[in-house]
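Asks: Can you read through this structure? Questions will come right after.
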Amino acid sequence: MKAEQPARTWTEGVRREVLSNGLTLLVQPDHSAPVVAVVTQVAAGFFDEPDRWIGISHVLEHMFFKGTARRGVGAVARETKSAGGYLNAGTGYDHTSYFTVLPASGLAEALDIQSDALRNSTIDPGELTRELQVIIQEAKRKLDTPSAVAYETLHEVMFDRHRIRRWRIGHEEQLAALTRADLWAYYRSRYVPGRTIVTIVGDVDPEAALDLARGHYGDWPPAPGAVDPSPEEPVRHQVRSRTLRGDVTQAELALGWRAVPPLHADAPALDLAAAVLGAGRGSWLYRGLREPGIVTSVAAHYYAPTEIGVFGVSAELPPERLSEAVDGVAEAVSRLGLLGPSLEDLERARTLLRARWARRMEAMEGRAGALAAAEALDDFSFLDREYAALAAVEPEQVRDAAERYLRPDGVAAVAYLPHDRGTELTADDLARAFAVTPLHPPAAVSVPPPGRRPPARAGGAQREAEVLVARLPGADLLVRRKPGVPLVNLGVYVPKLEFDPPEQAGLGGLTIRGAVRGAGGLDAGALAFAFERLGGTLSPSAASDWLGFGASVLAERLADAAVLLDLVLGSPHLGDGEVNSERGLMIAEAEQVADDMFRYPFQLAFAAAFGNLGYGLPVGGLPHTLPAITAADVRAWHTRALLGARPVVVAVGEVDPERALDTLAGVFGHRAVPAEAGQLPRLPWSAEERGEPPMRVVGREKAQAALAMAFPGPARRDPDRAAAEVWAAIASGLGGRLFEALRDRRSLAYTVMATAWQKARAGALLTYIATSPEREEEAREAMLEELDRFTREPVSEGELRQAVNYLAGQAEVSRQSGSAVAGEILDAWIAGSGLHELADPAAPFRAVTAEDVQRVAGRYLEPLTRAEGVVRGTGVARVPMVAAWSP
């Protein structure tokens with residue numbers, strides 16, 4: 001049975017108007033949350049850039065925030081934050097998008113800010129010079145990201161002439177050569193009304209929104225837009241491969257085939273082919289490669305920006321298993337082209353895509369971006385036609401598309417390996433793998449329907465902060481209705497009553513991850529299929545303060561999902577083979593963290609701050625602690641940590657709360673009565689005991705040095721929690737102090753941030769910056785100098801107002817997503833002081849004064865109590881060494 005259409009179309013209520021100057025306006029009302037998104041899409045992307053201007057679209061995106069005649073540097077960001085909104089931008093192959101999301105009452109202000117920045121950028125020469133140094137740091141960060149290097153190199157291998165083959169944001173020498181005259185010429189020839197789409201989605205009156213937009217864009221003079229298309233790519237059938245070597249701990253594998261443009265009749269079949277191969281735990285590649293431990297992650301996708309398309313498969317894996325991974329991908333792709341998917345495989349994939357669409361459309365900016373993209377390709381109604389086409393695809397159409405485009409003689413590959421591990425992947429190796437492929441269909445998956453349990457009356461239910469609460473003898477049930485899309489976010493979680501033993505860090509994570517490999521009468525494949533035919537993927541969650549399982553499924557399948565979650569929580573197999581396989585993957589992932597220039601510095605900083613205890617150890621474990629964990633340890637920990645704690649079940653979505661509560665009571669009402677957790681003791685900050693800042697430094701062959709600082713801070717239930725969050729909002733983000741001082745004025749970094757990290761048993765004030773290694777000490781001193789300012793002088797009235805408005809606005813904006821609401825409920829219940837926090841989440845921020853911020857800064861931002869984690873690169877910014885290249 002094919003996936004049914006939604007009761008309403010995705011484009012219902014859209015108003016479209018083309019102004020006399022050629023600019024297109026799209027407005028769609030959505031009253032599911034008091035939020036509005038404004039997305040501006042300009043037809044100016046990497047494909048529009050001649051070779052002399054590589055990266056210029058992305059540079060211009062940065063200059064969007066650098067001032068107009070009416071607004072100085074940083075004013076665009078500061079005014080948006082003051083209106084309670086956030087803004088960002090992204091440059092793609094065929095367009096650049098700017099978006100802002102804020103409370104619906106701020107629409108007029110958002111349009112004024114966005115239209116001014118779009119139409120009247122000054123592109124100041126001095127600001128351009130400084131921002132180019134920031135973008136060069138961004139380019140270096142990209143060189144330090146193995147997956148980005150592998151995938152961009154794949155495009156270079158696949159294509160000979162088309163602009164997709166170029167390094168997207170440019171290299172240092174190309175960026176440094178760009179001038180103000182170059183930017184101005186590109187800006188005036190590409191940023192014209194006829195190449196611009198402005199989309200407004202949210203809690204608005206369509207006619208009033210259109211009227212506002214006409215006022216801001218209607219007098220923009222029309223102008224001819226320059227057209228500089230990419231060179232056409234000749235047809236080619238040739239196997240190609242390239243092997244790179246660099247300072248990485250694990251291997252990256254990227255394979256690709258040339259495919260079709262997005263409007264081609266075969267595009268929906270390729271979307272589903274990618275989902276059959278790589279979407280969810282029931283996919284062919286997951287079951288064939290991830291489940292047996294050959295790769296740590298694997299995915300497949302079909303991507304078609306404009307006139308070309310790419311079908312790709314990517315994987316992360318131990319270098320020694322590269323050949324096995326290539327053989328596994330070849331087998332799955334060949335089987336798809338020869339036999340096609342079964343009807344069950346196709347329906348599993350189609351249901352996942354249907355739910356993925358719903359999640360994408362749930363957020364206002366997601367809907368606005370999708371409408372703008374559809375309008376740019378054809379017209380906005382393409383969105384509904386594309387969804388309908390996915391629902392109509394038959395198994396033989398997927399087979400035919402795979403046979404036609406995923407040809408053995410057209411595959412290209414890139415392998416990115418460590419310097420001293422793994423064997424080069426040659427074109428001959430690749431050709432052999434795809435030319436002679438034994439077909440080994442996966443074992444048939446038999447999925448009996450979940451045993452339905454009759455609803456039970458959840459007596460004594462009470463409503464608090466829009467959440468319906470029932471405390472059963474053995475579980476707490478929390479349900480909240482969230483209208484908008486036909487999904488429900490469902491999860492079952494237990495608080496961490498104790499941390500993993502230090503010598504077995506990762507024990508809780510391995511227990512949770514091992515449990516999803518089979519439960520009750522279902523093995524890993526059957527369990528995956530059981531969830532995915534409900535529209536969701538089973539996700540294990542090992543967090544700092546809780547363990548559990550969750551899934552986002554179609555709302556009408558709530559009862560089935562609840563039965564499955566109860567089965568996974570209470571009756572996982574946790575057999576020796578299952579645990580050992582998952583442990584091997586976690587060891588590889590723990591090693592691979594060292595390649596992440598954001599996560600790894602923080603892991604080092606937390607280890608310096610808390611030592612070998614609790615939050616000082618990553619929930620995923622360490623390469624030297626995971627091997628010590630046995631399957632017997634895991635089974636004992638499941639009994640002790642999961643079955644010995646009181647679970648909480650959270651459901652948020654398009655459901656009737658009373659009926660949903662009764663459904664959940666029927667499923668979870670059988671549970672035994674566990675002990676109440678009570679208040680857990682605060683975890684000590686070990687850095688305070690040493691008298692000098694502990695620092696953990698790791699040297700790597702990277703283009704940047706990444707520095708994370710951790711200061712002690714308020715925990716989740718601390719009365720100073722809100723003041724710490726206001727401090728972070730003043731310090732961080734576009735328009736924040738650190739952004740302006742370290743990035744805008746000094747061009748030290750592309751990424752600089754601060755945040756208030758708050759958990760049940762400890763808290764911290766965190767900062768991060770990634771810069772050139774020769775500027776590491778300058779970055780450290782500049783960071784400490786700016787932090788010291790917070791302790792010496794109160795923040796200004798304007799800064800305080802901006803931060804409070806931003807936090808209050810984001811409290812509304814975040815609730816447009818059901819998963820975010822579920823997370824907010826869970827955090828308040830387990831780590832916070834209770835659901836009353838949700839009634840008016842902005843109230844604590846509004847009560848914060850400038851004196852509160854200074855007091856918190858003075859108490860916690862003491863340089864001697866900080867802990868640091870540093871990944872110190874060599875500063876060699878180059879594309880990794882080509883170890884083997886064969887056409």
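Asks: The conditions are (1) part of a loop (DSSP other than H, G, I, E, B); (2) open to solvent by 10 Å² or more (accessible area, probe 1.4 Å); (3) over 21 Å from GLU658 (Cα atoms), and ARG513 fails exactly one of them. Which is it?
Replies: Among (1) part of a loop (DSSP other than H, G, I, E, B); (2) open to solvent by 10 Å² or more (accessible area, probe 1.4 Å); (3) over 21 Å from GLU658 (Cα atoms), the lone unmet condition for ARG513 is (1).
Asks: Search region 331-356 for residues that are over 17 Å from GLY282 (Cβ atoms) and modelled with pLDDT of 95 or more and pair each with any residue that is acidic (Asp, Glu) and assigned to a helix (DSSP H, G or I) when their beta-carbon atoms are under 7 Å apart and the residues are at least 6 apart or on different chains.
Replies: GLY337/GLU403
Asks: Also: Would it be correct to say that LEU807 is in contact (Cβ under 8 Å) with a residue 60 or more places away in the chain, part of a helix (DSSP H, G or I) and under 30 Å from VAL652 (Cα atoms)?
Replies: yes
Asks: Here is a further query. Evaluate the following for GLU12: is it assigned to a helix (DSSP H, G or I) and without any contact (Cβ under 8 Å) to a residue 60 or more places away in the chain?
Replies: The answer is no for GLU12.
Asks: Turning to a different aspect of this structure: If the Cβ limit is 7 Å and pairs must be 6+ apart or interchain, which residue in region 718-729 that is touching a residue at least 40 places away in the same chain (Cβ under 8 Å) pairs with which residue that is assigned to a helix (DSSP H, G or I) and among the β-branched types (Val, Ile, Thr)?
Replies: ASP720/VAL856; ALA723/VAL853; ALA723/VAL856; ALA724/VAL856; VAL726/VAL804; VAL726/VAL853; TRP727/VAL853; TRP727/VAL856
Asks: Does at least one position in region 276-291 carry a residue that is within 24 Å of PHE47 (Cα to Cα) and in contact (Cβ under 8 Å) with a residue 12 or more places away in the chain?
Replies: no
Asks: Within region 307-321, which residues are at pLDDT 95 or above and open to solvent by 10 Å² or more (accessible area, probe 1.4 Å)?
Replies: Across region 307-321, the qualifying residues are SER314, GLU316, PRO318, GLU320, ARG321.
Asks: Can you name the residue in region 684-699 that is part of a loop (DSSP other than H, G, I, E, B) and open to solvent by less than 50 Å² (accessible area, probe 1.4 Å) and is also modelled with the lowest pLDDT among such residues?
Replies: PRO693
Asks: Starting from region 831-854, take each residue that is open to solvent by 40 Å² or more (accessible area, probe 1.4 Å) and list its partners that are in a helix (DSSP H, G or I) and not hydrophobic (A, V, I, L, M, F, W, C), counting only C-beta distances under 8 angstrom and pairs at least six apart or across chains.
Replies: PRO844/ARG721; GLN854/THR791
Asks: Sticking with this one: Inside region 475-503, can you point out the residues that are of a type in the set (Val, Ile, Thr) and farther than 30 Å from PRO681 by Cβ?
Replies: VAL479, VAL485, VAL488
Asks: Name the helices (runs of 4 or more DSSP H) wholly inside region 552-646 in which the number of residues that are under 29 Å from GLU862 (Cα atoms) is 3 or more.
Replies: 599-610
Asks: Which condition does THR249 not pass, out of (1) open to solvent by less than 20 Å² (accessible area, probe 1.4 Å); (2) in contact with a strand residue (DSSP E or B) (Cβ under 9 Å, 6 or more places away or on another chain); (3) over 24 Å from ALA435 (Cβ atoms), if it passes all the others?
Replies: The number of the failed condition is (1).
This table checks each residue for (1) surrounded by fewer than 17 Cβ atoms within 10 Å (Cβ to Cβ); (2) touching a strand residue (DSSP E or B) at 6+ places or on another chain (Cβ under 6 Å); (3) of a type in the set (Phe, Trp, Tyr); (4) modelled with pLDDT of 95 or more.
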residue	(1), (2), (3), (4)
ARG367	no, yes, no, yes
ALA392	yes, no, no, yes
GLN397	no, no, no, yes
ASP400	yes, no, no, yes
ASP420	yes, no, no, no
ARG453	no, no, no, no
ALA461	no, yes, no, no
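Asks: Please determine whether any residue of region 526-533 is modelled with pLDDT under 95, open to solvent by 10 Å² or more (accessible area, probe 1.4 Å), touching a helix residue (DSSP H, G or I) at 6+ places or on another chain (Cβ under 9 Å) and more than 22 Å from LEU661 (Cα to Cα).
Replies: yes
Asks: Here's a follow-up. Of the residues in region 558-616, how many are among the acidic types (Asp, Glu), within 30 Å of THR874 (Cβ to Cβ) and open to solvent by 40 Å² or more (accessible area, probe 1.4 Å)?
Replies: Looking only at that region, the number is 3.
Asks: Next up: Of (1) out of contact with any Asp or Glu (no Cβ under 7 Å at 6 or more places or on another chain); (2) in contact (Cβ under 8 Å) with a residue 40 or more places away in the chain; (3) open to solvent by less than 20 Å² (accessible area, probe 1.4 Å), PRO681 satisfies all except one. Which?
Replies: Unmet for PRO681, out of (1) out of contact with any Asp or Glu (no Cβ under 7 Å at 6 or more places or on another chain); (2) in contact (Cβ under 8 Å) with a residue 40 or more places away in the chain; (3) open to solvent by less than 20 Å² (accessible area, probe 1.4 Å): (3).
Asks: Check off (1) at pLDDT 95 or above; (2) touching a Gly at 6+ places or on another chain (Cβ under 8 Å); (3) over 22 Å from PRO29 (Cβ atoms) for GLN174 and give me the number that stays unchecked.
Replies: Every listed condition holds for GLN174 apart from (1).
Asks: OK, next. Kindly check whether there is at least one residue in region 269-278 that is out of contact with any helix residue (DSSP H, G or I) (no Cβ under 7 Å at 6 or more places or on another chain) and modelled with pLDDT of 95 or more.
Replies: Yes, there is a match, as at least one residue in region 269-278 is out of contact with any helix residue (DSSP H, G or I) (no Cβ under 7 Å at 6 or more places or on another chain) and modelled with pLDDT of 95 or more.
Asks: If you go through region 125-132 one residue at a time, do you hit one that is open to solvent by less than 50 Å² (accessible area, probe 1.4 Å), part of a helix (DSSP H, G or I) and hydroxyl-bearing (Ser, Thr, Tyr)?
Replies: The answer is no, given that none of the residues of region 125-132 is open to solvent by less than 50 Å² (accessible area, probe 1.4 Å), part of a helix (DSSP H, G or I) and hydroxyl-bearing (Ser, Thr, Tyr).
Asks: Go through region 216-233 and give me each residue that's open to solvent by less than 60 Å² (accessible area, probe 1.4 Å) and either within 16 Å of LEU107 (Cβ to Cβ) or in contact with a Lys or Arg (Cβ under 8 Å, 6 or more places away or on another chain) (or both).
Replies: HIS216, TYR217, TRP220, ALA223, GLY225, ALA226, SER230, PRO231, GLU233
Asks: If you go through region 828-852, how many residues are small (Gly, Ala, Ser) and within 17 Å of ALA723 (Cβ to Cβ)?
Replies: The qualifying residues number 6.
Asks: Could you tell me whether region 782-804 includes any residue that is in contact with a strand residue (DSSP E or B) (Cβ under 6 Å, 6 or more places away or on another chain), modelled with pLDDT of 95 or more and open to solvent by 50 Å² or more (accessible area, probe 1.4 Å)?
Replies: No: region 782-804 contains no residue that is in contact with a strand residue (DSSP E or B) (Cβ under 6 Å, 6 or more places away or on another chain), modelled with pLDDT of 95 or more and open to solvent by 50 Å² or more (accessible area, probe 1.4 Å).
Asks: Considering region 179-222 alone, what residues qualify as being basic (Lys, Arg) and in contact with a helix residue (DSSP H, G or I) (Cβ under 6 Å, 6 or more places away or on another chain)?
Replies: ARG180, the sole residue that qualifies.
Asks: Please go through region 300-329 and pick out each residue that is of a type in the set (A, V, I, L, M), farther than 11 Å from LEU255 by Cβ and part of a strand (DSSP E or B).
Replies: LEU317
The values are calculated or read from the model by the stated rules, or taken from the named source; none is laboratory data. If you're wondering where the values come from, they're calculated on a predicted model, not measured in any experiment. Every residue, glycine among them, receives a Cβ derived from its backbone with ideal geometry; neighbour counts consider all protein chains shown. Note: areas computed on protein heavy atoms with side chains; ligands, DNA, RNA excluded. Shrake-Rupley method; radii C 1.70, N 1.55, O 1.52, S 1.80 Å.
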